[in-house]
Amino acid sequence: MTRSRRGDESPLGRCSVLYYGVGHMLNDITSACWFTYLLVFLTDIGLPPRDAAIVMLAGQVADGFTTVFAGELIDRYGRFKVWHGAGSVLVAVSFSSVFGGCLPCKILGSYSSSMRTVSYSFFAAVFNIGWAATQVSHMSMVNCITLNSTSRVVLASCRNAFTMIANLSVYAVAFVVFNINTKGSVIDVENQYRWIAYSSILIGCCFVVIFHLGTAEPRLKREAREKGHARISWTYWFNKLLYYQVAIVYVLTRLVTNVSQAFLAFYTINDLQMTQSSKALVPAVIYICSFIVSVLLQEITWNRNRVKAFYSCGGLLWMISGAGILFLPISMNYFMYVLSIVIGVANALIMVSGVSMQSFLVGDDLNGCAFVYGSLSFMDKILCGLALSVLESYQSSTEEVRNCHRPNFSFSVTRFGLGLVPAICALIGVLVTLTMKLPEPALMPLMEPLLA
């Protein structure tokens, strides 16, 4: 059981950090599959790119509104683990329906484009509702497990490390599936992604069980109410300049990672004409590097200057990577593996430091922390959904040349989506980060180093 169930300022032990870190594994595994393969899957089974964009947007909108709703209720009543467990069940049940074929189409005997779009949009929305409930409850727990700011950063770093493990699990399964079950008919495509989805759910659910057995329900909210501490109103956060700065940086960080992840498979196959297995190998290289960096970041004693410095370094690396992606010719497609290393390091730096900024923002104001995480996640989901939908809708203009001979180099929507958009977002994120005035945390290390 976690030692810091009172939410005091004592540093956390290794087991407490690890038990918390695995709590988002099911979300992370399904998210990796969602952003990397959903658009590819839908277009491979014959859904027009604009309809695929509608499915993606439906899920993101449902996710965004659920984060605000869940955040408000968690701030009022607590019960982190109840929300986490209920959301996990919803994710596990609905995710297989997203990649498992169009069930309503089979029941009604209609496989029209409209019927498939409605069906996939419905299950995408249900999946994202469960995903959002799990995410908000898990992220909000950080500030109630411990009041130690350094330990909060370590928890965020540990969660990011397990995010990398989750993604690697997906890509390992995908690599095997893509090599064993070659793509042919629509049925073959559905079978490929059905195996990936079922494997993801099985792995993720095992870690959900570990999280619930090893982590105690934080008592801080109940104790705060018993002492007469009122729940913090929304206007309290809206009057803080730091709230808007952190919101901008967090949303831009998510745009960088999610948009790049969604277009990575398209880029390797259509623009660089790499093998089918590269849809798993290239992302795997990215997440191996991210995992290594995330583990190393857990050993650092954090302060406000280091958070800003690491985010700036990650943003700079993404700008360099974006330029490389934008101008990389097909004849040098092997260089994509080098860029993958740089992207992996950059992703770890901006994600760990970007998420940690939320803990600096919340500080000791724990009775409103779920609103902070929920509102920021709402903006992230809506803007990511809109960005992906707009970019994907323009893919139709290049549909007729996807399977034809491509020149050694040509600009495409995919290149802009993977290279230019993340690079611009990273640049703006760095500029905003440099203007922040983060509070200085009490510097207290982990009780037990994770690499000991």
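Going through 23, 59 one at a time, which residue ends up being at pLDDT 80 or above, in contact with a Gly (Cβ under 8 Å, 6 or more places away or on another chain) and of a type outside the set (A, V, I, L, M, F, W, C)?
Values: 23 fails: in contact with a Gly (Cβ under 8 Å, 6 or more places away or on another chain).
After applying the criteria, what remains is 59.
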| task | Would you mind listing the helices (runs of 4 or more DSSP H) fully within the stretch 14-120 where at least 1 residues are within 24 Å of residue 172 (Cβ to Cβ)? | result | 14-21, 25-44, 80-99
| What residue, of 100, 46, 130, is modelled with pLDDT of 85 or more and of a type in the set (Gly, Ala, Ser)? | 130
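Is there a residue being over 21 Å from the mean Cα position of the chain (by Cα), at pLDDT below 85, within 24 Å of residue 286 (Cβ to Cβ) and not aliphatic (A, V, I, L, M) anywhere in the stretch 151-164?
Of all residues in the stretch 151-164, those over 21 Å from the mean Cα position of the chain (by Cα) come to 151.
Right, trim to at pLDDT below 85 and you get 151.
Next cut, within 24 Å of residue 286 (Cβ to Cβ) only: none.
The answer is no; no qualifying residue exists.
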| note | Within the stretch 210-235, residues being surrounded by 14 or more Cβ atoms within 10 Å (Cβ to Cβ) and at pLDDT 75 or above number 7
| request: Would you please name the residue that is modelled with the highest pLDDT, looking only at residues in the stretch 71-95 that are farther than 30 Å from residue 193 by Cα and crowded, with 21+ Cβ neighbours inside 10 Å? | output: 80
| query | Within the stretch 375-402, restricting attention to residues that are more than 30 Å from residue 235 (Cβ to Cβ) and aliphatic (A, V, I, L, M), which residue is modelled with the lowest pLDDT? | reply | 401
| Number of positions in the stretch 403-452 that are modelled with pLDDT of 90 or more, hydroxyl-bearing (Ser, Thr, Tyr) and outside any loop (DSSP other than H, G, I, E, B) | 1
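Would you point out which residue out of 94, 88, 112 is polar (S, T, N, Q) and more than 21 Å from the chain's Cα centre (by Cα)? First the steps, then the outcome.
Values: 94 fails: more than 21 Å from the chain's Cα centre (by Cα); 88 fails: more than 21 Å from the chain's Cα centre (by Cα).
So the residue among 94, 88, 112 that is polar (S, T, N, Q) and more than 21 Å from the chain's Cα centre (by Cα) is 112.
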| query | Mind checking which residues of the stretch 259-284 are surrounded by fewer than 22 Cβ atoms within 10 Å (Cβ to Cβ), in a helix (DSSP H, G or I) and in contact with a Lys or Arg (Cβ under 9 Å, 6 or more places away or on another chain)? | reply | 269, 270
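The values are calculated or read from the model by the stated rules, or taken from the named source; none is laboratory data. Keep in mind that this is a model prediction, so the values were computed, not measured. Glycine also receives a Cβ, built like all others from the backbone with ideal geometry; neighbour counts cover every protein chain displayed.
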